1. What do you reckon, is ILE90 at pLDDT 90 or above and either open to solvent by 80 Å² or more (accessible area, probe 1.4 Å) or touching an Asp or Glu at 6+ places or on another chain (Cβ under 7 Å) (or both)?
2. Test of understanding: among ILE34, ILE68, which residue is at pLDDT 95 or above and β-branched (Val, Ile, Thr)?
3. Considering only the range 59-69, I want to know if a residue exists there that is farther than 15 Å from GLY24 by Cβ, part of a helix (DSSP H, G or I), touching a residue at least 24 places away in the same chain (Cβ under 8 Å) and of a type in the set (A, V, I, L, M).
4. Are any residues in the range 34-58 in contact (Cβ under 8 Å) with a residue 24 or more places away in the chain, basic (Lys, Arg) and loosely packed, with under 10 Cβ neighbours inside 10 Å, and if so, which ones?
Amino acid sequence: MKIMKKLKKSNGITHVDFLIVGTGNIALRHVKNIRGNYKNKKIAICKRTNTELNKEFYDLVDYLTNDIEYIKPSNNKSISIICSPAPMHIN
């Protein structure tokens, strides 16, 4: 499974303004802050575990994936935020 939520395909690649890796409380806080300040920006979440996703993410993010190979920056100002547990950062 590659993209788990709505996807606008462009040669299989999705271009986003913000990529959040992780789905915990810190990730949710970052998503809320981003959405509050940038309402029209595309936000993707990379979720790599089988834990249940907080329902708030579905209202706030545009894309949900478990494979970041299909997520690319939309421009040179795109940002990735790593919110996974520290031992999982490299994975």
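1. When the stated conditions are applied, ILE90 does not pass them.
2. Result: ILE34 is the single residue among ILE34, ILE68 that is at pLDDT 95 or above and β-branched (Val, Ile, Thr).
3. yes
4. Initially, the range 34-58 is screened for residues in contact (Cβ under 8 Å) with a residue 24 or more places away in the chain, giving 35, 41-49, 51, 53-54, 56-58.
Next, from what is left, pick out any that are basic (Lys, Arg): 35, 41-42, 47-48.
If the condition is that a residue be in contact (Cβ under 8 Å) with a residue 24 or more places away in the chain, basic (Lys, Arg) and loosely packed, with under 10 Cβ neighbours inside 10 Å, then no residue fits.
The values are calculated or read from the model by the stated rules, or taken from the named source; none is laboratory data. Here the structure is a predicted model, which is why all the values come from computation and not from measurement. Cβ coordinates were reconstructed from backbone atoms using ideal geometry, including for glycine residues, and neighbour counts include every protein chain displayed. We work out accessible area using only protein heavy atoms, side chains counted, and drop any ligands, DNA or RNA first. Shrake-Rupley method; radii C 1.70, N 1.55, O 1.52, S 1.80 Å.
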